[in-house]
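Worksheet: one structure, shown below.
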Amino acid sequence: MNQRISGILTPNITPVDAKGRVDEDTLRAYVDWLIERGVDGIYPNGSTGEFVRFSPQERRHIAQIVIDQADGRVPVLAGAAEANTRETIEACEAYAAMGARAVAIVAPFYYRLSSEGVYAYFREIADAVSIDVTVYNIPLFASPIDVDTVIRLASECPRVIGIKDSSGDVPNMIRMIAAIRPMRDDFSFLTGWDTVLTPMLLVGADGGTNATSGVVPELTRAIHRACVAGDYDTAVQLQYQLVPLFDTMISLGEFPAGFRAGARSRGWDLGSGRVTLSATQQEAVRRSQDQIDAMIRRVTDDAPDHQTRQASLPSETIESIVESVIRQLQVTRDEAR
């Protein structure tokens with residue numbers, strides 16, 4: 001039985017040069033920087049990496065660079081979504097040959113499919129590929145993957161070994177864990193929505209694929225490690241540092257321009273990406289850079305051994321949040337019985 005994919009896997013920003021081409025040297029250095037700061041895996045060709053804005057050939061090139069540079073130090077979860085089932089299967093096999101640990105496949109996008117259509121899509125892929133598959137639920141951009149469909153895929157498809165869920169729906173995560181964990185101890189539950197990283201870990205998620213980990217990997221790692229250690233007070237305190245930074249970056253310009261601004265705060269010029277910003281938007285990014293710089297300094301300054309400082313939060317606030325999530329977990333488990 002495979003070990004679960006766990007911890008913080010960074011959906012890396014894709015560096016581009018002044019002409020918009022993939023900047024291989026910067027990407028290699030950026031991968032090293034992330035690993036040195038304790039991320040548990042790298043996730044090329046995710047939403048933060050703007051996978052839909054690159055060609056299939058470029059996506060393979062990006063994944064190959066990341067896999068080569070990681071060099072087995074951490075697993076690589078390669079985004080393998082393409083425009084149709086056949087091309088997605090081909091991408092999966094290409095990433096398997098490169099040495100990826102698994103692939104992440106977003107549900108079909110543009111055309112909104114029914115639950116049965118989503119099931120059929122993933123079932124065909126899972127039956128055809130030679131690499132483990134994580135299904136990627138991001139209803140903001142693609143056909144939603146409902147709880148029953150995830151349970152069905154987990155029960156019928158050994159190759160489907162996890163879900164990356166970017167809905168932020170904590171009760172649905174609880175429902176999936178309660179139903180799937182007893183039959184599939186190897187199944188991984190990863191959250192892609194940064195604002196609920198601590199609650200998701202608290203109710204049993206194995207880790208996160210979070211855009212902020214590409215900017216402040218120390219902070220997301222510290223949240224995960226605090227939850228693993230059962231130090232939920234610290235995890236909640238750190239979550240209160242994460243949320244305003246995430247909110248600022250995700251609302252700036254066009255996604256992921258704000259995260260590129262965050263990377264600049266850490267000394268990384270990863271280019272402007274492949275989305276055009278208006279003059280007004282470009283000015284807003286410039287005006288917000290100082291604010292982002294200051295926010296990032298607050299969570300990284302004087303942090304020994306890459307451990308972030310704790311925020312100050314009333315203990316009764318922490319306790320109420322933890323107790324609320326635990327109550328929801330108990331209610332859902334009772335319902336499952």
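The values are calculated or read from the model by the stated rules, or taken from the named source; none is laboratory data. As the structure is a computational prediction, the values presented were derived from the model and not from experiment. When we count neighbours, we look across all protein chains shown, and the Cβ atoms used for this are built from the backbone with ideal geometry, even at glycine.
Take Thr26 and decide whether it is part of a helix (DSSP H, G or I), buried (at least 16 other Cβ atoms within 10 Å of the Cβ), of a type in the set (S, T, N, Q) and touching a Pro at 6+ places or on another chain (Cβ under 9 Å).
Answer is yes for this residue.
Mind checking which residues of the stretch 69-99 are part of a helix (DSSP H, G or I), without any contact (Cβ under 8 Å) to a residue 12 or more places away in the chain and either within 18 Å of Ile138 (Cα to Cα) or among the hydrophobic types (A, V, I, L, M, F, W, C) (or both)?
Selection gives Ala97 alone.
If you take the residues of the stretch 29-68 that are small (Gly, Ala, Ser) and not in a helix (DSSP H, G or I), which of them is surrounded by the most Cβ atoms within 10 Å (Cβ to Cβ)?
Checking each candidate, the answer is Gly46.
Check whether at least one residue in the stretch 264-274 is under 15 Å from Val299 (Cβ atoms) and modelled with pLDDT of 95 or more, and report yes or no.
Yes, that holds for at least one residue.
Taking Gly230 as the residue in question, decide whether it is touching a His at 6+ places or on another chain (Cβ under 9 Å), within 19 Å of Ile174 (Cα to Cα) and at pLDDT 95 or above.
The answer is no for Gly230.
Could you figure out which of (1) over 23 Å from Phe189 (Cβ atoms); (2) in contact with a Lys or Arg (Cβ under 9 Å, 6 or more places away or on another chain) isn't true of Tyr119?
(1)
In this structure, is Ile89 buried (at least 23 other Cβ atoms within 10 Å of the Cβ), over 18 Å from Val31 (Cβ atoms) and aliphatic (A, V, I, L, M)? Show your work before the answer.
Values: buried (at least 23 other Cβ atoms within 10 Å of the Cβ): no; over 18 Å from Val31 (Cβ atoms): yes; aliphatic (A, V, I, L, M): yes.
Spelling it out, it is not the case that Ile89 is buried (at least 23 other Cβ atoms within 10 Å of the Cβ), over 18 Å from Val31 (Cβ atoms) and aliphatic (A, V, I, L, M).
Within the stretch 24-43, restricting attention to residues that are in contact with a strand residue (DSSP E or B) (Cβ under 6 Å, 6 or more places away or on another chain) and not hydrophobic (A, V, I, L, M, F, W, C), which residue is nearest to Trp193 (Cα to Cα)?
Going through the qualifying residues, I end up with Tyr43.
Does Ala211 satisfy the condition of being buried (at least 19 other Cβ atoms within 10 Å of the Cβ), in contact with a Cys (Cβ under 8 Å, 6 or more places away or on another chain) and at pLDDT 95 or above?
The answer is no for Ala211.
Tell me the residue from Tyr119, Tyr110 that is in contact with a helix residue (DSSP H, G or I) (Cβ under 6 Å, 6 or more places away or on another chain) and among the aromatic types (Phe, Trp, Tyr), please.
Matching residue, one of Tyr119, Tyr110: Tyr119.
If I go through the stretch 195-208 residue by residue, how many of them are among the polar types (S, T, N, Q) and in a loop (DSSP other than H, G, I, E, B)?
Here the count works out to 0.
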